[in-house]
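The values are calculated or read from the model by the stated rules, or taken from the named source; none is laboratory data. Please read these numbers as outputs of a predicted model, since none were measured by experiment. Cβ placement follows ideal geometry from the backbone for every residue including glycine, while neighbour counts extend to all protein chains displayed.
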Amino acid sequence: MAEVTLGRTGITVQKDGFGALPIQRRTLEDALPILRRALDSGINFFDTARSYSDSEEKLGKAISGQRDSFIIASKSPAATARDYLMDLETSLRNLKTDRIDIYQFHNPEKIPRPGDPSGLYEAAQDARAAGKIRFIGISNHRLPVAAEAVRSGLYDTLQFPFNYLSSGKEEDLVALCKEKGVGFIGMKGLSGGLITDIGAARAWIARFDSVVPIWGIQTMGELESLIAAVRRDEKAPTAEQQARIEKDRRELCGEFCRSCGYCAPCRAGIKIFNCARMSLLLRRMPSANFLTPEWRREMEKIKDCQDCGDCEARCPYSLPIRELLKKNYEDYQTFL
Ligand code: SF4
Ligand code: SF4
């Protein structure tokens, strides 16, 4: 297994980390064996967040009694110092630990800075001085905000989407992090489920020796695929994987929904993060999964769109969401 040091933190972890967002969708009984299998396989970096419902609690139960063997990152979306410190106490309690290795500001629109009215950065500094967090990180989905965070010198790590659908700009961001000594945690390695070959995704990312990808794992099958890919430890895509990568790039270039969920909530109750990419889901996964009565009802909600535009103002990729929803709705009808 390859190892990566996360910039100036000096924290060295196995190259492949565990993204604990999807386990919020599993029961505790189903999630614990997955987490324990990951721990036993040698994965030693786990990323979670206050916003991932009970993900922290599940992780806390899985690592209980062996805390020192793992590096844990979590996040707070707080907008005030008070809420940040309350979030941190909740994270510590949920994770059953007295310290979190990397505590990240979760996708803020503006980076917290010392002296700004939120007091967030000072709160993080206080938490670090008290030994409750070891390093101050930030996650983001916006390139300009992420680049500003890296250049500011205020952050030890950056978490940003990174996969073989990324552009040269994201590769430049990885290089900038390396130059500035900022650890790079790569999220969305499978682009929210649109990349279905984890072996190809992992082989592509292997050449970025400063990046720790966190793979979002929801099932034991997904975890076993990851473990098999880690064992093969390909340093570059095989010819077959490269052909897959090029095919995906052709099919998924341009404006497509990355399923990040930042456009929520929708006042019409539309599940934008899936409905706005339904055409892709129908073609890249077994279509029957999305033709159930439940999904038909979800897709019908698109007709209730109130044209408020709130979702588009929140989308970090500036997608024309209303247009995408309309196109996906029309395409969906052709499958019925
Ligand atoms: S524009 Fe439509 S889809 Fe977007 S938030 Fe408003 S109601 Fe929802
Ligand atoms: S529409 Fe934009 S904000 Fe909403 S899930 Fe897709 S990429 Fe994310």
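Details
Every residue, every condition in (1) in contact with a Ser or Thr (Cβ under 6 Å, 6 or more places away or on another chain); (2) closer than 22 Å to residue 48 by Cβ, yes or no:
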{"position": "94", "(1), (2)": "no, yes"}
{"position": "106", "(1), (2)": "yes, yes"}
{"position": "116", "(1), (2)": "no, no"}
{"position": "119", "(1), (2)": "no, no"}
{"position": "133", "(1), (2)": "no, yes"}
{"position": "137", "(1), (2)": "yes, yes"}
{"position": "140", "(1), (2)": "no, yes"}
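- Residues of region 22-62 satisfying the condition of being within 17 Å of residue 220 (Cβ to Cβ), touching an Asp or Glu at 6+ places or on another chain (Cβ under 8 Å) and not in a helix (DSSP H, G or I): 43
- Subset tally (residues that are touching a Leu at 6+ places or on another chain (Cβ under 9 Å), surrounded by 20 or more Cβ atoms within 10 Å (Cβ to Cβ) and part of a helix (DSSP H, G or I)) for region 77-91: 1
- Close contacts from region 27-50, counting a first residue that is farther than 13 Å from residue 72 by Cβ and free of Cβ contacts under 8 Å to residues at least 24 places away in the same chain and a second that is buried (at least 24 other Cβ atoms within 10 Å of the Cβ) and not hydroxyl-bearing (Ser, Thr, Tyr), with Cβ to Cβ under 9 Å and a gap of 6+ residues or different chains, come to 30/23.
- Residue match in region 209-224 (condition: more than 16 Å from ligand 1 (Cβ to nearest atom), buried (at least 19 other Cβ atoms within 10 Å of the Cβ) and in a helix (DSSP H, G or I)): yes
- Restricting region 247-257 to residues that are assigned to a loop (DSSP other than H, G, I, E, B) and more than 16 Å from ligand 1 (Cβ to nearest atom) leaves a set whose member that is surrounded by the fewest Cβ atoms within 10 Å (Cβ to Cβ) is 254.
- Residue match in region 280-289 (condition: crowded, with 16+ Cβ neighbours inside 10 Å and either closer than 25 Å to residue 140 by Cβ or in contact with a Lys or Arg (Cβ under 7 Å, 6 or more places away or on another chain) (or both)): yes
- The listed residue being more than 18 Å from the chain's Cα centre (by Cα) and assigned by TED's automatic domain parsing to the domain that holds residue 213, out of 116, 54, 47: 116
- Residue match in region 168-178 (condition: hydrophobic (A, V, I, L, M, F, W, C), more than 30 Å from residue 275 (Cα to Cα) and part of a loop (DSSP other than H, G, I, E, B)): no
Residue-by-condition table, conditions (1) within 16 Å of ligand 2 (Cβ to nearest atom); (2) assigned to a loop (DSSP other than H, G, I, E, B):
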| residue | (1), (2) |
| --- | --- |
| 245 | no, no |
| 259 | yes, yes |
| 269 | yes, yes |
| 279 | yes, no |
| 297 | no, no |
| 312 | yes, no |
| 316 | yes, yes |
| 330 | no, no |
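- Condition check for residue 318: within 18 Å of residue 165 (Cβ to Cβ), at pLDDT below 90, among the polar types (S, T, N, Q) and away from ligand 1 (no atom under 14 Å from the Cβ): no
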